[in-house]
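Worksheet: one structure, shown below.
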Amino acid sequence: MPDNGYDRIAAVEYARKWAFSRNPDYIDFHGLGGDCTNFVSQCLYAGGGVMNFTPIFGWYYISSYNRTASWTGVEYFYNFMVNNEGAGPYATETDQYGMEIGDVIQLEGEGLDIFTHTLLVTRVVETPEIHILVSAHTNDAFMRPLSSYSYDNIRYLHIEGVRPNVV
């Protein structure tokens, strides 16, 4: 059942289907700075079905030349998700204990002082510690342990829901 318009299972199923290949409806940004945020955006869209067509500051993909920076750029994605008050997905920053499947994690690259990687949470296991498994593009992965990544900083984004387009 969708959670405020967001179907977490559909997002994870999309990740399962496309983690090791590319959906031909979208350009592969692997050689153009990385495909991770593009992939996570596709997953979120599969789980919510609503884009935000606000010029410049929205969140949409029509083609490689007709899209917003937030669809493919790590920082732009973050800024859209935590500030979105219009159509499309919206998120709040939380900690590892607030994570569910279909949520998003961003990593700051080692020694880079900027966030450089976006991941989709595809499983959360409490045993009693929290173990998070993620899926990603660029370095393709499905159900990869978050603990296997090297990074300097991390931020957790809980997808609160998806608002419909209002006409």
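Only the coordinates and a few stated rules stand behind these numbers; no lab work does. As the structure is a computational prediction, the values presented were derived from the model and not from experiment. When we count neighbours, we look across all protein chains shown, and the Cβ atoms used for this are built from the backbone with ideal geometry, even at glycine.
Multiply the residue separation of residue 97 and residue 20 by 0.36 nm, subtract the distance between their alpha-carbon atoms, and state the gained length in nm to one decimal. Don't jump to the answer; show the numbers that get you there.
Details: separation 77, 0.36 × 77 = 27.72 nm, distance 2.80 nm.
Length difference between fully extended and current span is 24.9 nm.
Work out from phi, with θ = phi - 60° and the Karplus expression 6.51 cos²θ - 1.76 cosθ + 1.60, the ³J(HN,Hα) of each residue of the range 109-124, listed in order in whole Hz, and give x for Gly and Pro.
x, 4, x, 9, 6, 9, 7, 10, 9, 10, 10, 9, 6, 10, 6, 10
Around residue 121, what is the net charge, scoring Lys/Arg as +1 and Asp/Glu as -1 over all other residues with Cβ under 10 Å from its Cβ?
Values: positive: 8, 123; negative: 100, 103.
Neighbour charge sum, excluding residue 121 itself: 0.
Calculated from DSSP H runs of 4 or more alone, at -39500 (n - 2.57) each and per residue, what is the 222 nm mean residue ellipticity of the chain, nearest 500? Don't skip to the end; give the middle numbers.
Working: 4 runs with 38 residues, N = 167.
Helix contribution divided over all residues of the chain: -6500 deg cm²/dmol.
Could you give the C-alpha radius of gyration of the chain expressed as a fraction of 2.2 N^0.38 Å, taking N as the number of residues it contains?
Details: Rg = 14.6 Å, N = 167, 2.2 N^0.38 = 15.4 Å.
Relative to the rule-of-thumb radius for its length, the chain sits at 0.95.
Strictly greater than 18 Å: what percent of every Cα pair in the range 50-146 meets that?
Distances greater than 18 Å cover 53 percent of the Cα pairs.
Find, among the GluC sites (Glu not before Pro) in the range 38-93, those assigned to loop by DSSP (not H, G, I, E, B) with at most 13 other beta-carbon atoms within 10 angstrom.
Details: sites: 75, 85, 93; in loops: 85.
Answer in residue order: 85.
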